[in-house]
Amino acid sequence: MTVQIAPSILSADFAALGDAVAAVERGGADFIHVDVMYGHFVPNITIGPPVVRSLKRVARVPLDVHLMIEEPDRYLEAFAAAGAAMMSVHVEVLPHLHRTVHAIKALGVKAGVVLNPSTPAGALEAIAGDVDFVLVMSVNPGFGGQTFIPRSESKVREVRRVLDLAGNEAAPIEIDGGIDMHTAPRVVAAGARILVAGAAIFHSTDPERATRDLKAAASGAVQTASR
Ligand code: DX5
Ligand code: ZN
């Protein structure tokens, strides 16, 4: 399994999202990561289905929609219709996670579940066989530009074990928060295969080049890890 890069537009200029998407695509982005927040569950407010619909018109790579919201079930159809190819929901807000995961899949969208830094990998056990991917938060969600939490590396290893034990070897682990040229090789060595990066890409002077460099650093680590 190769390593893929999902630039998070949360740190891009919201008045020029089309340019941001084009730049990271030139740099080899595999997905565009879209952070949805509306002031419950996380304190920030970002974007909703209309912006996803506009992004879908310009993006050539799939849209990866990270729902940091309570009651995500109310919005699954809207985000699917807007063009999400992947949607992830937080374990922490869902008493009926199994139903939600299957509702996402029924919409023809890849279903992921997200673990906050304080949520143990074991919380996945009963759903690990059903998911298309798992997103490990390596910061507390809500804002870009935070510092990577080092414990996330062992969390990725634990999540990999839970997925493999459930027979879901094909499901990749995505990681989100504080990923840069230093942390990328470490999380890839731990088993992460989709790397979200916001500030490291869009707060750089050249997002295209930052995407390319991050992908090269991450891919180098996957080759070392599998040797
Ligand atoms: C944070 C979001 C992230 C964020 C990552 O709650 O889920 O996707 O954009 O930003 P960086 O890479 O700057 O930590
Ligand atoms: Zn995110």
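The values are calculated or read from the model by the stated rules, or taken from the named source; none is laboratory data. Model, not experiment: these values are computed from the prediction. Quick reminder, even Gly has a Cβ in these numbers, built from the backbone with ideal geometry, and neighbours come from all protein chains shown.
Can you tell me which residue is farthest from Leu10 (Cα to Cα) among those in the stretch 170-199 that are free of Cβ contacts under 8 Å to residues at least 40 places away in the same chain and within 16 Å of ligand 2 (Cβ to nearest atom)?
This residue is Ala184.
Spot the failing condition for Phe133; the list is (1) within 14 Å of ligand 2 (Cβ to nearest atom); (2) surrounded by fewer than 19 Cβ atoms within 10 Å (Cβ to Cβ); (3) more than 21 Å from Thr46 (Cα to Cα), and only one is missed.
(2)
Would you check which residues across the stretch 128-139 are part of a loop (DSSP other than H, G, I, E, B) and either within 16 Å of Ser152 (Cα to Cα) or under 18 Å from the mean Cα position of the chain (by Cα) (or both) and list them?
Ala128, Asp130, Val131, Asp132, Ser138, Val139 - these are the residues of the stretch 128-139 that are part of a loop (DSSP other than H, G, I, E, B) and either within 16 Å of Ser152 (Cα to Cα) or under 18 Å from the mean Cα position of the chain (by Cα) (or both).
If you check Asp132 against the conditions, is it more than 16 Å from ligand 1 (Cβ to nearest atom), of a type outside the set (Lys, Arg) and closer than 19 Å to His66 by Cβ?
yes
Criterion first (part of a helix (DSSP H, G or I), of a type outside the set (A, V, I, L, M), in contact (Cβ under 8 Å) with a residue 12 or more places away in the chain and crowded, with 24+ Cβ neighbours inside 10 Å) does Thr211 satisfy it?
Considered against the rule, which asks whether it is part of a helix (DSSP H, G or I), of a type outside the set (A, V, I, L, M), in contact (Cβ under 8 Å) with a residue 12 or more places away in the chain and crowded, with 24+ Cβ neighbours inside 10 Å, Thr211 comes out as yes.
Tell me whether the stretch 146-169 contains one or more residues that are more than 19 Å from Gln4 (Cβ to Cβ), of a type in the set (S, T, N, Q) and either in contact (Cβ under 8 Å) with a residue 40 or more places away in the chain or out of contact with any helix residue (DSSP H, G or I) (no Cβ under 8 Å at 6 or more places or on another chain) (or both).
Yes, there is a match, as at least one residue in the stretch 146-169 is more than 19 Å from Gln4 (Cβ to Cβ), of a type in the set (S, T, N, Q) and either in contact (Cβ under 8 Å) with a residue 40 or more places away in the chain or out of contact with any helix residue (DSSP H, G or I) (no Cβ under 8 Å at 6 or more places or on another chain) (or both).
What's the total number of residues in the stretch 22-54 that are away from ligand 1 (no atom under 12 Å from the Cβ) and crowded, with 22+ Cβ neighbours inside 10 Å?
Residues flagged as away from ligand 1 (no atom under 12 Å from the Cβ) and crowded, with 22+ Cβ neighbours inside 10 Å within the stretch 22-54 amount to 3.
Can you find even one residue in the stretch 85-98 that is more than 22 Å from His33 (Cα to Cα) and in contact (Cβ under 8 Å) with a residue 24 or more places away in the chain?
Yes, because at least one residue in the stretch 85-98 is more than 22 Å from His33 (Cα to Cα) and in contact (Cβ under 8 Å) with a residue 24 or more places away in the chain.
When you look at Ile32, is it more than 15 Å from ligand 2 (Cβ to nearest atom) and within 16 Å of the chain's Cα centre (by Cα), yes or no?
Taking the combined requirement at face value, the residue does not satisfy it.
For the stretch 184-208, how many residues are crowded, with 24+ Cβ neighbours inside 10 Å and either among the hydrophobic types (A, V, I, L, M, F, W, C) or within 12 Å of ligand 1 (Cβ to nearest atom) (or both)?
Here the count works out to 11.
Conditions tested, residue by residue: (1) over 27 Å from Asp19 (Cβ atoms); (2) at pLDDT below 95; (3) part of a loop (DSSP other than H, G, I, E, B).
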| site | (1), (2), (3) |
| --- | --- |
| Thr147 | yes, no, yes |
| Ser154 | yes, no, no |
| Asn168 | yes, no, yes |
| Glu174 | no, no, no |
| Gly178 | no, no, yes |
| Pro185 | yes, no, no |
| Val188 | yes, no, no |
